[in-house]
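*Asks:* Just dropping this structure here.
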Amino acid sequence: MTDLNTLTLSDARDKLRRKDVTSVELTEACLKAAEGAGALNAFVHHTPDIALAQAKAADARIAKGDAPAMCGLPLGIKDLFCTKDVPSQAASGILEGFKPQYESTVTQNLFDAGAVMLGKLNMDEFAMGSSNETSVYGNAVSPWRRGDEETALTPGGSSGGSASAVAADLCLAATGTDTGGSIRQPAAFTGIVGIKPTYGRCSRWGIVAFASSLDQAGPMTKSVRDAAIMLEAMCGHDPKDSTSADLAVPNFEAMLTGDIKGKKIGIPREYHMDGMPDEIEALWAEGRAMLKAAGAEIVDISLPHTKYALPTYYVIAPAEASSNLARYDGVRFGHRATLAAGDGITEMYEKTRAEGFGDEVKRRVMVGTYVLSAGFYDAYYNRARKVRALIKKDFDDAFTAGIDAILTPATPSAAFGLGEMNDEDPVKMYLNDVFTVTVNLAGLPGISVPTGVDHQGLPLGLQLIGRPWEEGDLLNTAYALEAAAGFVAKPGKWW
Amino acid sequence: MSIDKDTAARVAKLARIKVEEDALPALAQEFNTILGFIEQLNEVDVEGVEPMTSVTPMRLKRREDVVTDGDQQEAILANAPDAREGFFAVPKVVE
């Protein structure tokens, strides 16, 4: 019998409903796998008591014939989600000891659908990073290695713990969040599927805010079918998030037919970046060929403002972060610095924030403060918002011209070694998100699908970008790509 | 546009993050690298373009102006580093 923790959501669901297995058995298998995977540093808070209680409740529901979509399925939850009475730190020292008195809407939706929480997952601090190296918990490590080398590789970021845990079968699936690529880049680095839905699909309520106009939650899973199942359970209208869309959520799984005949797939010429490795170009060409063979029409398109997406992002995201992170003041929650005699409230703020935030977070908060400050607001922030409108218009024009989905590489390279980017300037790290960040700026759904491996045996992924609110159609195209690629590689267990 | 040590200090102050004097030159250098990257946006013709306010056209919903929540003093103070007698406690603000 297969190890239960290696199952996909859909297989586990079917086995549960057939009474071949219980949720308690599934949960125990995952808890054991997670416990033995300390070297990956993916789980940073284990919640076995909650998990087993939820699993027992799920088994009771199934016994009664009431088995909602996620019933009995063990998940990992990114530390960015507030979970009631369970540490939720956004991987930051400033939220040390914080235990929310409430549950985020997305996790509540998952629990209502019967899901089991195994624990909280590592990430970059406040979701700011592309390698999971800015976490107060230390680096999350990828289960993948380059051939026989022992170099520790990044699982990507910011949802690095989620990616590592799913790829290493410590859980059946995990939640992630994506502000500039934080679901799709780690999914691509670890050979799993990750989808960021349309802005407004998932409620942001109870998710620690980074850049509110860009943040979206989404699932990170072992298959496209699993992404469809879990996304449907996560999303839905929520009056507690004013930007949450009041739209019906389709049955995404039912839309997975694999039939993409006649679909128009756009290939944006601006995504051929200078210096892009041949392997990535080849992967992209193979993806085009696979979709064409499945009956899609491949169309060259232009998204002329692509090169301005990263600089736009690095104005807007820090500006919003500077505003959102103003709440960490040492008064209401988390860390407060020890004060010297005579220190007033300003010293309390300044010392608390200096001690509690890591370097990358401080850097972004200060850049955001600068671009919003008097005299620079128009030159930086307003200009970036105008360019953002042009970036979105590029996509609108492509979709108006009849394009159904856009195919691009997910990342400009395979995963790199932890520490290998330390000596580079911060901008070098930002380039990781070059293919994904446009999607957040335009509020579109995007999915990363593993389709190949590089010369070192590391996974590579392609990204599909869909029309707003058409996640079902996007998932179906991804399903066809997944079937054609037949990606089955798994990391060998060394941890 | 180049950021000097004094500007870096001013930004740190605005952001309420204490930065030691000897760390300011390196911080200014980092700002310059990032802002240099952002400068590319000056190449774009944005004449007549409205700044984006929302990625999807949406009107914020309205609701009756009634109390929907409240009376949770204990829960609200539960995570405070210093709470006393039902209040958040902070260092003296006024003399």
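Just so it is clear, none of the values below were taken in a lab; they were calculated from the coordinates. Quantities reported herein were computed from a predicted structural model and do not represent experimental measurements. Methodologically, a virtual Cβ is constructed for each residue, glycine included, from the backbone with ideal geometry; neighbour enumeration extends over all protein chains shown.
*Asks:* At R0 = 56 Å, how high is the FRET efficiency between B:D22 and A:K19 if r is their beta carbon distance? Nearest 0.05 is fine.
*Replies:* FRET efficiency, B:D22 to A:K19: 0.25.
*Asks:* From the backbone phi of the stretch A:475-487, what are the Karplus-calculated ³J(HN,Hα) couplings (6.51 cos²θ - 1.76 cosθ + 1.60, θ = phi - 60°) in whole Hz, Gly and Pro given as x?
*Replies:* 4, 5, 5, 4, 5, 5, 5, 4, 5, 5, 6, x, 5
*Asks:* Treat each spin label as a single point 7 Å out from the Cα along the C-beta direction, and report the B:E43 to B:E74 distance in nm.
*Replies:* Between B:E43 and B:E74, the label points sit 6.1 nm apart.
*Asks:* Which order, highest average first, do A:22-32, B:31-41 follow once you tally other Cβ atoms within 10 Å for each residue and take the mean per peptide?
*Replies:* With the highest mean Cβ count within 10 Å placed first, the list reads A:22-32, B:31-41.
*Asks:* For the cross-link pairs A:K362/A:K392; A:K362/B:K13; A:K78/A:K222; A:K84/B:K18; B:K18/B:K92; A:K56/A:K84, which exceed 23 Å when the distance is taken from alpha carbon to alpha carbon?
*Replies:* A:K362/A:K392; A:K84/B:K18
*Asks:* What is the distance, in nm, between label points placed 7 Å from the Cα along the Cα-to-Cβ direction at B:M58 and at A:E149?
*Replies:* Taking the two extended label points, one gets 4.3 nm.
*Asks:* Right, something else. Which peptide among A:352-361, A:113-122, B:44-53 comes first, and what is the full order, when sorted by highest mean count of other Cβ atoms within 10 Å?
*Replies:* A:113-122, A:352-361, B:44-53
*Asks:* If you find the alpha carbon centre of the stretch A:261-327 and of the stretch A:128-150, how far apart are they in angstrom?
*Replies:* 24
*Asks:* Around A:G461, which amide H atoms from residues at least 5 apart in sequence, or from another chain, sit under 5 Å from its own amide H, with H modelled in the peptide plane?
*Replies:* Amide H neighbours of A:G461, under 5 Å, 5+ apart: A:A410, A:T411, A:T451.
*Asks:* Sticking with this structure for a sec: Return the sequence-ordered ³J(HN,Hα) values of the stretch B:68-76 in whole Hz as given by the Karplus equation 6.51 cos²θ - 1.76 cosθ + 1.60 applied to θ = phi - 60°, using x for Gly and Pro.
*Replies:* So the J values, rounded to whole Hz, are 10, 7, x, 6, 10, 3, 5, 5, 5.
*Asks:* Sequence-distant or interchain residues sharing an amide H contact under 5 Å with A:K264, placed H: which?
*Replies:* It is A:E297, A:D404, A:A405, by chain and number.
*Asks:* Let me ask another. Using a ≥ b ≥ c from the Cα gyration tensor of the stretch A:183-330 (square roots of the eigenvalues), is it rounded, prolate or oblate, where a/c under 1.5 gives rounded and otherwise the larger of a/b and b/c decides, a/b for prolate?
*Replies:* oblate
*Asks:* A further question follows. With a/c under 1.5 counting as rounded, go ahead and sort the stretch A:4-260 into rounded, prolate or oblate using the C-alpha gyration tensor (a ≥ b ≥ c being the square roots of the eigenvalues; past the cut-off, prolate if a/b is larger than b/c, else oblate).
*Replies:* rounded
*Asks:* With labels modelled as points extended 7 Å from the Cα through the Cβ direction, what inter-label distance (nm, one decimal) is found for A:A282 paired with A:I345?
*Replies:* Spacing of the two 7 Å Cα→Cβ label points: 6.3 nm.
*Asks:* Separate question: State whether chain A is rounded, prolate or oblate according to the following rule on the C-alpha gyration tensor (a ≥ b ≥ c being the square roots of its eigenvalues): a/c under 1.5 gives rounded; otherwise a/b larger than b/c gives prolate, and the remaining case gives oblate.
*Replies:* It comes out rounded by the Cα gyration axes.
*Asks:* Additional query: In whole Hz and in residue order, list the ³J(HN,Hα) couplings for the stretch B:40-47 that follow from phi through the Karplus curve 6.51 cos²θ - 1.76 cosθ + 1.60, θ = phi - 60°; x for Gly and Pro.
*Replies:* 3, 5, 5, 6, 7, 7, 10, 3
*Asks:* Moving on to the next point. Give the percent of DSSP beta bridges with both residues in chain A that are antiparallel, rounded to the nearest 5.
*Replies:* 65
*Asks:* Also, I was wondering about something else. Just to be sure I understand: if I project the alpha-carbon convex hull of the stretch A:1-126 onto a plane and average over all orientations, what area do I get in nm²?
*Replies:* If I average the Cα hull's projected area over directions, I get 7.7 nm².
*Asks:* A:H45's amide H: which non-local residues (gap 5+, or another chain) put their own amide H closer than 5 Å, with H modeled 1.01 Å from N in plane and none for Pro or chain starts?
*Replies:* When sequence neighbours closer than 5 places are left aside, the close amide H contacts are A:K120.
*Asks:* Work out how much length A:V427 to A:W495 would gain on full extension: take 0.36 nm times their residue separation and subtract the Cα-Cα distance, in nm to one decimal.
*Replies:* Gain in length upon complete extension: 21.3 nm.
*Asks:* To continue, here is another question. For the stretch B:14-65 and the stretch A:1-51, what is the separation of their C-alpha centers, rounded to whole Å?
*Replies:* Cα centroid to Cα centroid, the span is 42 Å.
*Asks:* Could you line up A:C71, A:C235, A:C171 from fewest to most neighbouring Cβ atoms inside 10 Å?
*Replies:* Listed from fewest to most nearby Cβ atoms, that is A:C71, A:C235, A:C171.
*Asks:* Cross-link candidates for A:K196: which aspartates and glutamates have Cα within less than 13 Å, leaving aside residues fewer than 8 places away along the same chain?
*Replies:* Counting by Cα, and skipping residues close in sequence, A:K196 has these aspartates and glutamates nearby: A:D178, A:D215, A:E232, A:E470, A:E471.
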